[in-house]
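Visitor: Below is one structure. I have some questions about it.
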Amino acid sequence: MTSGRDGGAGPAALRIQLGSQLRRLRKDRGLTREAAGWEIRASESKISRMELGRVPFKERDVADLLSFYGVGESESRELLGLARRANAPGWWQEYADIVPPWFLGYLGLEEAASLIRSYEVHFVPGLLQTDDYARAVIAHGHEGAPPEDIDRRIALRRGRRRVLQRPDPPHVWAVLDEGVLHRHFGGRAVMRGQLEALIDAAQQPNVRIQVVPFRGSPRAAAGLPFAILRFAEEELSDVVYVEQLTSALYLDKPMDVDHYAATMDLACLEAEPPDRTAAILHKILDELEDSAA
């Protein structure tokens with residue numbers, strides 16, 4: 001039976017949940033992905049993508065698979081209902097005209113993740129940005145964009161932050177290069193507000209922030225920002241997200257994930273421990289105030 005725990009989850013989370021159920025049903029019957037693909041006139045790779053929740057579901061395909069797996073009427077009805085909800089457009093789709101397609105996929109994964117680990121060398125992570133800081137960063141990266149576009153991009157970032165106010169928010173573990181905290185996007189007042197917001201965020205039970213200090217020569221990541229997303233469904237692999245100028249990489253092969261996970265672990269070791277973060281942020285905030293005097 002399905003878990004019945006989707007509640008108010010977004011479509012990406014529902015796709016992952018449905019895919020997990022389809023994988024369980026197929027394995028319980030001892031069937032291969034190739035056999036399942038043949039049943040719905042699809043490739044083995046499509047079954048793999050469906051079971052990972054990476055693609056929208058055609059209700060007919062789901063119905064045919066459930067019939068092939070010998071699922072009873074009650075459970076089939078529940079899973080087909082889940083498929084319909086999973087196909088609903090995500091709230092972020094209204095921003096598709098200003099957001100590149102390769103980033104829309106990340107927004108769905110971010111909303112579905114139970115743990116988001118990120119390594120940042122340029123900016124405060126989007127989930128932890130204030131509106132004013134976000135405006136400064138977005139304006140810097142989109143010079144000449146109409147003001148209404150900037151406003152909508154900020155609204156999108158604000159929408160992303162709502163995951164942190166859910167009853168079951170994801171755990172966020174951010175490792176920041178110290179340079180991020182000294183780069184004054186928007187001026188002193190904006191950075192002051194952002195530092196204060198980070199101090200508050202670091203006190204939240206589901207948020208952990210670490211700072212890699214200037215001293216020494218950090219070996220981790222070699223200046224490359226990335227994120228690792230983990231999902232509540234144990235059988236789903238972690239996904240590594242690496243953003244580039246005009247595209248992004250989504251990596252889920254064990255060898256790739258293990259490499260980035262080891263790099264993230266090294267970054268955490270090179271960073272100051274989490275219980276030092278508040279003191280570091282307060283010190284930088286004091287220095288900012290002194291420089292304005």
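Visitor: Could you report the accessible area of V137 in Å², rounded to 10, computed with a 1.4 Å probe on the protein chains as they sit in the structure?
Guide: Approximately 20 Å² of V137 is accessible to the 1.4 Å probe.
Visitor: Mind checking the angle between helix 277-292 and the chain's longest principal axis? C-alpha axes, 0 to 90 degrees, to the nearest 10.
Guide: 40 degrees
Visitor: Taking square-rooted eigenvalues a ≥ b ≥ c of the alpha carbon gyration tensor, is the range 114-170 rounded, prolate or oblate, where a/c under 1.5 means rounded and, failing that, a/b exceeding b/c means prolate?
Guide: Details: a/c = 3.16, a/b = 1.62, b/c = 1.96.
Oblate, because a/c is 1.5 or more while a/b does not exceed b/c.
Visitor: With a 1.4 Å probe and every protein chain left in place, tell me how much accessible area V207 has, in Å² to the nearest 10.
Guide: The value for V207 is about 10 Å².
Visitor: Enter the Cα centre distance for the pair the range 168-215 and the range 24-81, rounded to the nearest angstrom.
Guide: So the two Cα centres are separated by 43 Å.
Visitor: Based on DSSP, what percent of beta bridges with both residues in the chain are antiparallel, to the nearest 5?
Guide: Just about 50 percent of them are antiparallel.
Visitor: With +1 assigned to the C-beta of every Lys and Arg and -1 to the C-beta of every Asp and Glu, and no other charges, what is the dipole magnitude of the chain about the Cα centre in debye, to the nearest 20?
Guide: 640 debye
Visitor: Hey, another quick one. At a Cα cut-off below 20 Å, give the lysines reachable from K253, other chains included and same-chain residues fewer than 8 away excluded.
Guide: K46
Visitor: Would you list S291, S67 from the most to the least accessible area, probe 1.4 Å?
Guide: The ordering from most to least exposed comes out as S67, S291.
Visitor: Now for a different question. Percentage of Cα-Cα pair distances in the range 147-216 greater than 17 Å, rounded to whole percent?
Guide: In whole percent, the share of Cα-Cα pairs in the range 147-216 beyond 17 Å is 58.
Visitor: Once Lys and Arg get +1 and Asp and Glu get -1 on their Cβ, which of S20, P100, A113 lies farthest toward the positive end of the dipole of the range 1-114?
Guide: Final value for the positive-end residue is S20.
Visitor: Placing +1 on the Cβ of each Lys and Arg and -1 on the Cβ of each Asp and Glu in the chain, which of F185, V71, F57 has its Cα farthest towards the positive end of the resulting dipole?
Guide: Checking the options against the dipole of the chain, the answer is V71.
Visitor: While we're here: Positive end of the charge dipole of the chain (Lys, Arg +1 and Asp, Glu -1 on Cβ, about the Cα centre): tell me which of I150, P170, S291 has its Cα farthest that way.
Guide: The one lying farthest along the dipole's positive direction is P170.
Visitor: For a quick check of understanding: with a 1.4 angstrom probe and all protein chains in place, what accessible area in square angstrom does Y106 have, to the nearest ten?
Guide: Only protein atoms counted, so the area is about 20 Å².
Visitor: If you don't mind, there's one more thing I want to ask. Here are some values of Cα Rg over 2.2 N^0.38 Å: (1) 1.27; (2) 0.97; (3) 1.12. Which one was computed from this structure?
Guide: Structure-derived value, by its label: (3).
Visitor: Something else now. When the dipole is taken about the Cα centre of the range 34-173, and only Lys, Arg (+1) and Asp, Glu (-1) are charged at their Cβ, what size is it in debye, to the nearest 20? Could the numbers behind the result be given before it?
Guide: On the way: 19 positive and 22 negative charges, 44 e Å.
Computed charge dipole of the range 34-173: roughly 220 debye.
Visitor: Below 8 Å, C-alpha to C-alpha, sequence gap of six or more: please give me the relative contact order for the range 14-101 in percent.
Guide: Across the range 14-101, relative contact order equals 34 percent.
Visitor: While we're looking at this one, here's another question. Where does each of S118, S43 land when they are ordered by accessible area, with a 1.4 Å probe and the largest first?
Guide: S43, S118
Visitor: Something else: Taking the Cα centre of the range 19-108 as origin, sum charge times position over the Cβ atoms of Lys and Arg (+1) and Asp and Glu (-1), and report the length of that vector in debye to the nearest 20.
Guide: 200 debye
The values are calculated or read from the model by the stated rules, or taken from the named source; none is laboratory data. Remember, predicted model here, so these are calculated numbers, not experimental data. Backbone-built Cβ (ideal geometry, glycine too); neighbour counts: all protein chains shown. Remember, those area values only see protein heavy atoms, side chains included, never the ligands or the DNA or RNA. Shrake-Rupley method; radii C 1.70, N 1.55, O 1.52, S 1.80 Å.
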